[in-house]
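The values are calculated or read from the model by the stated rules, or taken from the named source; none is laboratory data. Owing to the predicted nature of the structure, the values given are computational and were not obtained by experimental measurement. So basically every Cβ, Gly included, is an ideal-geometry build from the backbone, and we count neighbours across all protein chains shown.
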Amino acid sequence: MPELPPGVRRTALESASPENASASPFDLPSGSQRPLTKMELDQIQGEQYSMVWFDDVSKARFYNVESPTLGAPGRPFFVMPAEDGAVVHTVQGAARYSGMSPATTRAAYGTSNPDFFASPPTGNVSGEVYAIIFPKDGIPHSVPTMADAGGWPHFLEGGKTAVGLPNGGGYLVNPTREFVIPGGISVPKGSILARLGENGQLIIVRSF
């Protein structure tokens, strides 16, 4: 990589070249937080990144640990393309576009009960939702099946997330695509943990 004039600093994405493969493409000093830049948003919203939305419980369990993993070993881990996740701007939106996953409905509605339409939420609503955004290179992705969903009532085969409507009213099918990967894979280098901000922006809280 050519030398720069004195006083000129490379961007994080320029620094993460093949010549400097050990560097994270997302520059974040330890203990700090910041919004993603326009360049970084463009980077993750290509076809090279996948993402998952979840609450602070899953954040603590899987990502605020010494050896973070993408989900639990031995279980399929549902993900969406990061470019599809760009439709999310609220905590409730994260729940809807994730197919009402337990980890997002806990944050949005205070319950992980799959029949929450019939039972009003009674738990604590954290109001905080997070995402792990990771490069998918080398990680097998497949369209989920009924077996992967394990009877989840909001799951609809076809490769897109959905919300099962009450009283057998069918499904609200979302534009967000969904895939499964093997759970328990170590979070790959170049991933970020982000929080959804009050204005719908992504704020990096940890880089890997």
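The rows are residues; the columns are (1) of a type in the set (D, E, K, R); (2) under 17 Å from V87 (Cβ atoms); (3) surrounded by 13 or more Cβ atoms within 10 Å (Cβ to Cβ).
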| site | (1), (2), (3) |
| --- | --- |
| D137 | yes, no, no |
| P140 | no, no, no |
| V143 | no, no, yes |
| A149 | no, no, yes |
| T161 | no, yes, yes |
| G164 | no, no, yes |
| G168 | no, no, no |
| Y171 | no, no, yes |
| T176 | no, yes, yes |
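Taking region 163-178 as the range and being assigned to a loop (DSSP other than H, G, I, E, B) and free of Cβ contacts under 8 Å to residues at least 24 places away in the same chain as the test, the residues that pass are G169, G170.
Only residues that are of a type in the set (V, I, T), at pLDDT 90 or above and part of a loop (DSSP other than H, G, I, E, B) were counted in region 95-114, giving 0.
For every residue, the table says whether it meets (1) modelled with pLDDT of 95 or more; (2) in contact with a Lys or Arg (Cβ under 9 Å, 6 or more places away or on another chain); (3) assigned to a loop (DSSP other than H, G, I, E, B).
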{"position": "T161", "(1), (2), (3)": "yes, yes, no"}
{"position": "V180", "(1), (2), (3)": "yes, no, no"}
{"position": "A194", "(1), (2), (3)": "yes, yes, no"}
{"position": "E198", "(1), (2), (3)": "no, no, yes"}
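Evaluated against (1) surrounded by fewer than 19 Cβ atoms within 10 Å (Cβ to Cβ); (2) modelled with pLDDT of 90 or more, S119 falls short on exactly one condition, (2).
Identify all residues within region 65-94 that are without any contact (Cβ under 8 Å) to a residue 60 or more places away in the chain, part of a loop (DSSP other than H, G, I, E, B) and over 17 Å from L36 (Cβ atoms); write none if there are none. Let's see the steps before the verdict.
Of the residues in region 65-94, the ones without any contact (Cβ under 8 Å) to a residue 60 or more places away in the chain are 65-66, 82-83, 86, 92-93.
Now restrict to residues that are part of a loop (DSSP other than H, G, I, E, B): 65-66, 86.
The answer is V65, E66.
Considering only residues that are in a strand (DSSP E or B) and under 13 Å from the mean Cα position of the chain (by Cα), which ones fall in region 182-192? Across region 182-192, the qualifying residue is only I192.
Of the numbered conditions (1) under 29 Å from R34 (Cβ atoms); (2) part of a strand (DSSP E or B); (3) over 17 Å from the mean Cα position of the chain (by Cα), G138 fails exactly one; give the number of that condition. Result: G138 fails condition (2) only.
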